[in-house]
Amino acid sequence: MVDESQTAAEPQVTAAGNEISDTFAAAQKRSAETLEKLRANPSKFTMLTGDRPTGRLHLGHYFGSIKERVAMQNLGVNTNIIIADYQVITDRDTTEHIGDNVLGLVMDYLAAGIDPNKTMIYTHSAVPAENQLMLPFLSLVSEAELERNPTVKSEMEASGHALTGLLLTYPVHQACDILFCKANVVPIGKDNLPHVQITRTIARRFNNRYAKKHPVFPEPEAILSDAPEIPGLDGRKMSKSYGNSIMLGATAEETAKLIKKSPTDSERRITFDPVNRPQVSALLTTAALCTGRTPQDVAEEIGDAGAGALKQFVTKAVNEFLAPHRERRAALEKDPDYVRDVLHDGNKRANEIANRTLDEVREAMGMKY
Ligand code: TRP
């Protein structure tokens with residue numbers, strides 16, 4: 001018998017740079033092709049994606065993922081969002097603020113245009129049957145495959161925490177998230193590509209071993225965001241820990257303050273030059289995304305007026321863009337019962353789907369007694 005875990009058919013992502021970029025270019029191409037099919041025939045697609053509830057969403061999340069989710073939902077794709085609460089404890093020892101973070105995410109989704117009648121929102125911890133898929137799925141991957149996931153490695157290094165069993169295996173858990181509702185498209189950032197890859201492997205191996213005649217799981221395709229990456233206000237990666245992120249739910253005043261104190265350079269003329277002027281360019285990119293213009297165009301308009309004028313422009317652009325979102329969010333904050341109801345309803349639906357899928361899995365494996 002061929003042990004597939006030793007002879008995986010697909011190219012593995014390794015430390016060799018070339019291979020990574022080849023793999024990435026191929027993934028981008030497939031993603032574009034999948035998106036084209038999805039736009040032509042949205043009702044044939046089930047989308048699942050999600051976030052870990054470690055804090056509030058910022059503008060980078062909005063342009064990088066939330067906007068696309070809303071667009072897919074409105075196209076008529078069957079859309080599903082996981083709030084990955086168990087993923088929080090992959091690399092930290094506390095669940096402090098988790099309740100607030102989960103409800104805050106639901107509020108941000110709803111304020112951004114996610115419609116709970118069309119999109120199912122659920123959490124790991126409320127759907128036992130989804131988690132139970134972990135057991136058969138873990139049997140389909142080898143330790144070596146888990147160990148060579150580059151994202152797990154870098155997350156472990158970044159956390160300064162020992163590699164927990166959950167961090168090592170969370171890509172398999174992510175496969176449970178994706179496959180329990182038989183999603184065939186998964187919008188993600190580049191760092192999550194290895195997780196979609198392992199999900200495909202798991203789906204294929206499960207079908208091959210247990211369900212040759214009637215495959216239980218689809219092999220889902222990754223959809224990579226085509227939005228330009230929005231840098232933090234200081235030109236570094238947008239991250240809560242750098243304090244350089246514009247939160248969707250912040251007030252207009254907080255946003256103005258944050259932009260005001262963001263670093264720039266001493267050159268008066270404003271130009272878009274991400275390599276040599278990352279900070280000024282980050283401000284221009286932010287303004288451009290919020291106004292639907294190009295950063296070059298915004299730079300031209302500011303011209304010799306300097307960084308002060310640029311910051312005023314950015315503040316106005318961001319606050320005007322986010323005003324309707326913030327208004328809807330403020331209304332939701334006053335109605336926490338409604339927000340909870342949305343989540344409870346999503347969890348209820350997720351349980352029904354997960355129970356059905358787990359039944360099919362039991363059936364395929366002959367575990368119906
Ligand atoms: N791993 C993702 C992240 O950290 C979150 C996530 C959990 C996810 N389960 C998922 C994304 C399933 C897509 C599909 O951002």
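Among GLU96, GLU229, GLU68, the largest mean-square fluctuation in a Gaussian network model of the chain, built with springs joining Cα atoms closer than 10 Å, belongs to GLU96. When each of the peptides 295-301, 361-367 is scored by how many other beta carbons lie within 10 Å of its residues on average, the order from highest to lowest is 295-301, 361-367.
Taking 0.36 nm per residue of separation and subtracting the current Cα-Cα distance, fully stretching the chain between ASN41 and GLU360 would add 112.2 nm.
According to the square roots a ≥ b ≥ c of the eigenvalues of the Cα gyration tensor, what is the shape class of the range 240-333, taking rounded for a/c under 1.5, prolate for a/b larger than b/c otherwise, and oblate for the remainder?
Working: a/c = 2.25, a/b = 1.76, b/c = 1.27.
Judged from the Cα gyration tensor, the range 240-333 comes out prolate (a/c at least 1.5, a/b above b/c).
Could you point to the residue in SER281, VAL318, VAL298 farthest towards the positive end of the range 240-333's charge dipole, with +1 and -1 charges on the Cβ of Lys/Arg and Asp/Glu respectively? Final value for the positive-end residue is VAL318.
Determine the dipole magnitude for the chain: charges of +1 sit on the beta-carbon of Lys and Arg, -1 on that of Asp and Glu, nothing else is charged, the reference point is the Cα centre, and the result goes in debye to the nearest 20.
Working: 43 positive and 49 negative charges, 110 e Å.
The dipole of the chain has a size of about 540 debye.
Legend: distances between Cα atoms for LYS67/LYS118; LYS118/LYS257; LYS182/LYS212; pairs beyond 27 Å are LYS118/LYS257.
Straight-line cross-link partners of LYS29 among the aspartates and glutamates, defined as a Cα under 13 Å from its Cα and at least 8 positions apart when in the same chain: GLU221, ASP226.
Across the chain, the mean sequence separation of Cα contacts (distance under 8 Å, 6 or more residues apart), normalised by length, yields a relative contact order of 20 percent. Spatially, the range 83-111 and the range 137-165 are offset by 21 Å when compared through their Cα centroids. Straight-line cross-link partners of LYS153 among the lysines, defined as a Cα under 25 Å from its Cα and at least 8 positions apart when in the same chain: LYS190, LYS237, LYS240. With coordinates expressed along the principal axes, the C-alpha atoms belonging to the chain extend over 74, 51, 45 Å, beginning with the largest. For the peptides 187-197, 136-146, the ranking by mean Cβ contacts within 10 Å, running from highest to lowest, is 187-197, 136-146. For the range 210-239, backbone nitrogen atoms closer than 14 Å to the point 7 Å from LYS261 Cα along Cα-to-C-beta are found at 233-234.
Need one number: % antiparallel among DSSP beta bridges in the chain, to the nearest 5.
Values: 1 of 17 bridges.
Once the DSSP bridges in the chain are tallied, antiparallel ones form about 5 percent.
Residues whose amide H falls under 5 Å from that of ASN244, counting only those 5 or more places apart or on a different chain, are SER239, with hydrogens built in the peptide plane.
Read-outs throughout are calculated quantities, based only on the coordinates presented, and are distinct from any laboratory measurement. For clarity, every value in this text was computed on a predicted model and none was experimentally measured. Every residue, glycine among them, receives a Cβ derived from its backbone with ideal geometry; neighbour counts consider all protein chains shown.
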